[in-house]
1. With respect to LYS143, determine if the residue is under 19 Å from ALA102 (Cα atoms), surrounded by fewer than 22 Cβ atoms within 10 Å (Cβ to Cβ) and either more than 24 Å from the chain's Cα centre (by Cα) or not acidic (Asp, Glu) (or both).
2. Counting only residues that are assigned to a loop (DSSP other than H, G, I, E, B) and farther than 21 Å from SER235 by Cα, which one in segment 404-434 is nearest to ligand 2 (Cβ to nearest atom)?
3. From the list THR456, THR450, THR409, which one is away from ligand 1 (no atom under 11 Å from the Cβ), of a type in the set (Val, Ile, Thr) and surrounded by fewer than 24 Cβ atoms within 10 Å (Cβ to Cβ)?
4. Only one of GLY344, GLY385, GLY395 is within 16 Å of ligand 2 (Cβ to nearest atom) and either modelled with pLDDT under 95 or within 19 Å of the chain's Cα centre (by Cα) (or both); which?
5. When segment 305-329 is examined, which residues are found to be touching a residue at least 60 places away in the same chain (Cβ under 8 Å), of a type outside the set (A, V, I, L, M, F, W, C) and within 19 Å of LEU245 (Cβ to Cβ)?
6. Need pairs with beta-carbon distance below 7 Å; first residue under 20 Å from GLY395 (Cβ atoms) and within 13 Å of ligand 2 (Cβ to nearest atom) and within segment 474-502, second basic (Lys, Arg) and part of a helix (DSSP H, G or I); sequence gap 6+ or separate chains.
7. Report, by residue number, each residue of segment 498-544 that is within 15 Å of ligand 1 (Cβ to nearest atom) and over 29 Å from the mean Cα position of the chain (by Cα).
8. Filter segment 463-473 down to the residues that are part of a loop (DSSP other than H, G, I, E, B), within 16 Å of ligand 2 (Cβ to nearest atom) and either within 26 Å of the chain's Cα centre (by Cα) or on the phi > 0 side of the Ramachandran plot (or both) and list them by number.
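The values are calculated or read from the model by the stated rules, or taken from the named source; none is laboratory data. None of these values were measured; they are calculated from a predicted model. Ideal geometry is used to build each Cβ from the backbone, glycine not excepted, and the neighbour counts take in all protein chains shown.
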Amino acid sequence: MPRKKPAKTVKKSAEPASTMTAAEAVVATLIAHGLDTVYALPGVQNDLLFEALFRFSDRLRTVHTRHEQGAAYMALGAALATGKPQAYAVVPGPGFLNSSAALLTAYSMNAPVLALVGQIPDADIGRHLGHLHEIRDQAGIIKRLVDHLALIRKPAEAARATALAMRAMRIGRPGPASLQCAMDVWGRSAPVTIPAPLPIPAPKIDADAIRRAAKRLGAAKRPLIVCGGGAQDASKEVTALSAMLQAPVLGYRRGRGVLDSRDPLSVTLPLGRDLWGEADVVLGVGTRLLTQFRQWGVDRDLAIIRIDADESEHARLHKPAVALTGDAKPILQHLLAELPAHNGKRPSRKAELEERRAAWRKRLEKLAPQLGYLEAIRAELPEDGIFVDEVTQLGFAARLGFPVYKPRTFISPGYQDNLGWGFATALGVQDARRDVPVVSISGDGGFMFTANEMATAMRHRIPLVAVVFNDGAFGNVRRIQQESYGNRLIGSDLANPDFPAFARSFGAEAARVTSPQDLRGALRRAFAHRDGPTLIEVPVGALPSPWEFIHMGKIRGK
Ligand SMILES: Cc1ncc(C[n+]2csc(CCOP(=O)(O)OP(=O)(O)O)c2C)c(N)n1
Ligand SMILES: [Mg+2]
């Protein structure tokens, strides 16, 4: 369990205060909270932080990258793969801004990522003197990207500020936090006691709301469960509830893998939309339901029950019949205990849903070129292997048709859908989960956003397998220009390197394959190579559009 180790460390360190620098206090507090890695890129404002990282390097690894976006995406990947807080450290100004797309994504995905950001000399913050890397109102910029931010002004504050940031990332709706510290403050010393992880109060579970939810679900004729990223740690409970209600479970990007795709009740798009159209009660678990409310529609015949860690989320788009606030797992446990009193025996929907899944699969054969490669990946990737999605033709198809067997094994970027997140995020996933194979898929466009981190993969011997589907284009944009803008092609063709030669120039393994069959062989060899990364290039032509299966429009309401 993640919390046991910190508790032990804390007991040991709850000794009389010892003199430490602010940087040492921050690092020791991170260790006391169970962190074992910081993703980082150094620079003069953080020299004394790196001194502390050196001092504690037997307990906390520093994984350095080649660009700050790589460090932040790696921390994000590690957080998504483990469900535990992760940290990255960067210099101020350009260093921080370079990391900001990843921090934005962490915020959108409710991922506990701590950004340690350097600052100019303390006395000059806010004076616009033009110090190296000075940026106007850095705090104001960071504040838009995190819910919790503090500036460490004194060494005596550093440990508690770190503990508060660590708690903030786990309280209520999880998400990123940030600590700034001026270059001179990092090195100042004071007597410091490393604090125990602060208690995280669990919201009280509303027994009355549980009863009302159980009554509604028990009486529902066509219940549907919709899962988002907030359901990833409640797989067992969602599975049990789905069986009890014979309710299909819809996951699209972040909710995949909560219910095993091999379960006949597990659905994705587009069948999920049909089921939304028929449902009389929907239980949303850790999902904003934005697509459902805004694209598919809602009417009076549909009662919504929501479980969300953030109370303000419930009625943002549509007032739910029952709102439950807190972590999905304990709430679902209470619901499972209450439900039998209100739920009758239900006939199995296995045959019906198998038939309907098969009918959609037939129509999805339009995407055969993508699905063939995805089948090859699924056939070689072990059950607990992790697939990291990207904003590419293969990714769009994967969200519809890649079977996912376990939670946290389908890592998809959520609503930012930011091109170029995949390779670096996957490096973080693989770094944090060295025990399982990890495969990232990218287009030629997206891969080149962070291709430089191949050097990081080599330096830190990260055995990620990166599959790059090369169509010589921002293919998605090109197809839209072809289909909707009279073939006026602009800014969508790409000049690419020889991808295998590029990878080999770093010392990585590489292959080029042109069929799903050959991809299987290449993956088998790549997964067996655990000493460093492998790049597999798959040249492809223009691929069929998935959008008719994703943007499907209204199915109920006006
Ligand atoms: C940060 C960011 N910039 C731009 C986009 C817009 N965009 C979406 S898909 C795409 C092209 C993707 O090209 P590639 O990675 O080669 O994948 P392909 O569509 O060719 O499979 C672009 C530019 C985006 N989603 N995110
Ligand atoms: Mg492309």
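1. So LYS143 passes the test.
2. The qualifying residue nearest to ligand 2 (Cβ to nearest atom) is LEU419.
3. Every option except THR409 fails the conditions.
4. GLY395
5. Of everything in segment 305-329, just one residue is touching a residue at least 60 places away in the same chain (Cβ under 8 Å), of a type outside the set (A, V, I, L, M, F, W, C) and within 19 Å of LEU245 (Cβ to Cβ), namely LYS329.
6. SER492/ARG478
7. GLY541
8. Within segment 463-473, just GLY472 meets the criteria.
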